[in-house]
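Here's the structure, in structure tokens; my notes come after.
Values in this text are rule-based calculations from the coordinates and carry no lab data. All values reported here derive from a predicted model rather than from experimental measurement. All Cβ positions, even for glycine, are placed from backbone atoms using ideal geometry, and neighbour counts span all protein chains on display.
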Amino acid sequence: MVAAIRGRRRAARPVLPVVVAVVLVGAVVAEGAVAFGGRADEPVAQPAQIQPTPTPSADTGAEERAAELARRLAALEAQRRAEAAATAGKLAVIARRVAGAGVLAQREKSPVRVVFTEGVFAAGTDLSTSGARALDVLGKRLPGLKATITVTGYSVVVPGGTNSGGSRTALLRARVATQQLSTASGLPLTAFTMQSGDQAHPPYRTDARNRTVTVTLTPGATP
């Protein structure tokens, strides 16, 4: 019986290593929990995500420059159209203002060109009756026009004279007509510009009508 008791005691001895093993496993688990951030139910912080800044490409820069150029061109075109419309309006006002008996107003791209239905000069630098009357009609309508005034005299080609380049007679006709316009309008002679037309390019087909002047009115300063 003593032998049986001793046998049971010897069989119970392995319990101690098992307990030690359980304790060691618990310690390892506990240490693992500490090493991995404590409690298992707590969220683990994630590293911040850094988004790279996009670098403008060469194509993007070219597109921006093209768009800016298009905007500038559109602005210039709008300005050009506005200026053209304003000029057209001024020309229309001038043309309506100066037209009258014996006087025709021809609208061109920029100026208004005033011509006369009959020759202004009878011969040389002598005004015809109808020519003097037509100049008076025009002169009275010049003040306040907001236009520069250019008087161009013409002459016909005469035997022994020059065929082009202007002539003394044409320039004298411009001067006589300017004096008539100045008197009728009350404007000083300095408000007018005088010049000779080229006899190689007369305004009319007949000599009688080419004994004349034309008056060019360009929107601008007020005489």
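Residues whose amide H comes within less than 5 Å of that of Gln106, counting only those at least five positions distant or on another chain, are Arg113, Val114, Val115 (H built at 1.01 Å from N in the peptide plane). Among 77-88, 180-191, 144-155, the peptide with the highest mean count of other Cβ atoms within 10 Å heads the list, and the full ranking is 144-155, 180-191, 77-88. When only Cα pairs below 8 angstrom with a gap of at least 6 residues are kept, the range 83-219 shows a relative contact order of 33 percent.
Compared with the direct C-alpha span, the chain from Arg97 to Ser110 gains 3.1 nm at full extension, assuming 0.36 nm per residue.
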